Amino acid sequence: MKTISDTILDAIGDTPMVRINRITNGVIKGTVLAKIETFNPGNSIKDRMAVQMIEDAERAGLLKPGGTIIEGTSGNTGMGLAIAAVVKGYKCIFTTTDKQSKEKVDALKAFGAEVIVCPTNVDPEDPRSYYSVSSRLEREVPNSWKANQYDNLSNSKAHYEQTGPEIWEQTGGRVTHLVVGVGTGGTISGVGRYLKERNPTIKVWGIDTYGSVFKKYKETGIFDKHEIYPYITEGIGEDFLPKNVDFDVIDHFEKVTDKDAAIMTRRIAREEGIFAGNSAGSAMAGLLQLKAHFTEDDVIVVIFHDHGSRCPRPGRDAPVRRAVLARLERAGRARRTPHERARLLADFDHARQPPRRIAQRDAPL
Ligand SMILES: Cc1ncc(COP(=O)(O)O)c(C=O)c1O
């Protein structure tokens, strides 16, 4: 271990791997190990790829001294980019949606980033959308560079070069399964490719959300827009196919509901003492759904992408609920019945509440 880091960027990576005990005891045969990425300076795995994207762009001459980094981000990538920008002397302009918590926006501003909040309830092609605004800014702001985490392959390269080798070393090469939430695809594709090169029998399983296109595309080759509807779990699932998702590396996609993800996230905090975001809950819940496939000798690595403090809190989510409702209405024109719509919203509300068992236990305090 390095005793003194020259800058905070040197403190990225080498994150701990921790055995999951109570949640999996008697349920999963084999060993379950969580790679806890909240130990990165920006509290998420995204620090790794943010620095990689910046340094590759510098080498390619795309990002020049004094330049401005532009990105559409829901928070974690923005945090990694903002930290690196401070150290390296760049400006940052981020576009985000009004679905994101105020805490996330404030955290980005704390690093000096300019944050433009755009409406959620518009199509990606609408000039007001956070995609369109970031593309317009890239055209208009002199000396600017858009990171584009979805299609920029420096993203998966970071995980091929860092996260994959760390997992291989920490497990002494005994890893048999990788279970990872999939958003841009950078993590699963980079880590999965590295691990399969070391041992082609390793299984790489992606966790997807209901409302995302990944699973159906993997299983049928069909991009089905009817799979798309709003959901709550942040960071995973998509309504398009980012270039960083390498479907050849991924053996299987497992879908997890928002509710199961939220409940599992709370269990991870209360039973394992690890405060992670909802995508970690999704990954653990998906792993449990797949329990029949594991044997005693298996070593299963699951990635916890970010910190629990980044998730919107109960009671603070009225704008999110409004945004979900509005998008449901648009999507509902195509295929949602009023009953399905009501159930989805009920799930949304339920996912925001502590599980009843825990709420009752807490009540006398
Ligand atoms: C909280 C969280 N979990 C999971 C992911 C998915 O990681 P990746 O984009 O590498 O597929 C992301 C990415 O945005 C994220 O922010």
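The values are calculated or read from the model by the stated rules, or taken from the named source; none is laboratory data. As the structure is a computational prediction, the values presented were derived from the model and not from experiment. Ideal geometry is used to build each Cβ from the backbone, glycine not excepted, and the neighbour counts take in all protein chains shown.
I'm trying to understand the selection: among the residues of the range 104-146, which are among the aliphatic types (A, V, I, L, M) and in contact with a Leu (Cβ under 6 Å, 6 or more places away or on another chain)?
Hit for the range 104-146 is Val115, nothing else.
Just to be sure I understand the filter: pairs with C-beta atoms under 8 Å, separated by 6 or more residues or on different chains, first member in the range 246-257 and touching a residue at least 12 places away in the same chain (Cβ under 8 Å) and over 11 Å from Gly192 (Cβ atoms), second member assigned to a loop (DSSP other than H, G, I, E, B) and of a type in the set (Gly, Ala, Ser). Which pairs pass?
Pairs that qualify, where the first residue is touching a residue at least 12 places away in the same chain (Cβ under 8 Å) and over 11 Å from Gly192 (Cβ atoms) and the partner is assigned to a loop (DSSP other than H, G, I, E, B) and of a type in the set (Gly, Ala, Ser), are Lys255/Ser212.
Return yes when Val115 is farther than 22 Å from Pro142 by Cα and β-branched (Val, Ile, Thr) and no when it is not.
no
Examine the range 109-116 for a residue that is hydrophobic (A, V, I, L, M, F, W, C), within 25 Å of Ile232 (Cα to Cα) and surrounded by fewer than 19 Cβ atoms within 10 Å (Cβ to Cβ), and state whether such a residue exists.
For the range 109-116, residues hydrophobic (A, V, I, L, M, F, W, C), within 25 Å of Ile232 (Cα to Cα) and surrounded by fewer than 19 Cβ atoms within 10 Å (Cβ to Cβ): present.
So which residues in the range 236-258 are at pLDDT below 95 and among the basic types (Lys, Arg)?
Answer for the range 236-258, where residues must be at pLDDT below 95 and among the basic types (Lys, Arg): there is none.
Pairs, please: C-beta under 7 Å, at least 6 apart or cross-chain, first residue away from the ligand (no atom under 13 Å from the Cβ) and in the range 33-45, second among the charged types (D, E, K, R)?
Cβ pairs passing all conditions: Leu33/Arg19; Pro41/Asp47.
Check the range 10-21 and report whether any residue there is modelled with pLDDT of 95 or more and farther than 27 Å from Ile300 by Cβ.
yes
Regarding the range 227-240, can at least one residue be identified that is of a type outside the set (Ser, Thr, Tyr) and over 17 Å from the mean Cα position of the chain (by Cα)?
There is at least one residue in the range 227-240 that is of a type outside the set (Ser, Thr, Tyr) and over 17 Å from the mean Cα position of the chain (by Cα).
Here are some conditions: (1) at pLDDT below 95; (2) within 25 Å of Gly186 (Cα to Cα). Lys146 meets all but one. Which one does it not meet?
Among (1) at pLDDT below 95; (2) within 25 Å of Gly186 (Cα to Cα), the lone unmet condition for Lys146 is (1).
I'd like to check something: does the range 109-118 contain any residue that is under 25 Å from His307 (Cα atoms), of a type outside the set (S, T, N, Q) and in contact (Cβ under 8 Å) with a residue 40 or more places away in the chain?
The answer is no; no qualifying residue exists.
Where in the range 139-249 are the helices (runs of 4 or more DSSP H), entirely inside, with at least 1 residues that are farther than 20 Å from Thr38 by Cβ and within 16 Å of the ligand (Cβ to nearest atom)?
154-158, 186-198, 214-220
Hey, among the residues in the range 99-108 that are assigned to a helix (DSSP H, G or I) and modelled with pLDDT under 90, which one's surrounded by the fewest Cβ atoms within 10 Å (Cβ to Cβ)?
Per the criteria, the residue is Lys102.
Mind listing whichever residues of the range 130-184 are closer than 25 Å to Glu58 by Cα, among the aromatic types (Phe, Trp, Tyr) and touching a helix residue (DSSP H, G or I) at 6+ places or on another chain (Cβ under 7 Å)?
Once the filter is applied, which keeps residues that are closer than 25 Å to Glu58 by Cα, among the aromatic types (Phe, Trp, Tyr) and touching a helix residue (DSSP H, G or I) at 6+ places or on another chain (Cβ under 7 Å), the range 130-184 yields Trp145, Tyr160.
Can you tell me which of Thr38, Thr7, Thr31 is touching a His at 6+ places or on another chain (Cβ under 6 Å) and either of a type outside the set (A, V, I, L, M) or modelled with pLDDT under 95 (or both)?
The unique qualifying residue is Thr38.
Could you list all residues from the range 125-138 that are surrounded by fewer than 17 Cβ atoms within 10 Å (Cβ to Cβ) and either among the β-branched types (Val, Ile, Thr) or assigned to a loop (DSSP other than H, G, I, E, B) (or both)?
Result: Glu125, Asp126, Pro127, Arg128.
Going by the structure shown, is Val133 touching a strand residue (DSSP E or B) at 6+ places or on another chain (Cβ under 7 Å), over 23 Å from Pro230 (Cβ atoms) and in contact (Cβ under 8 Å) with a residue 40 or more places away in the chain?
No.
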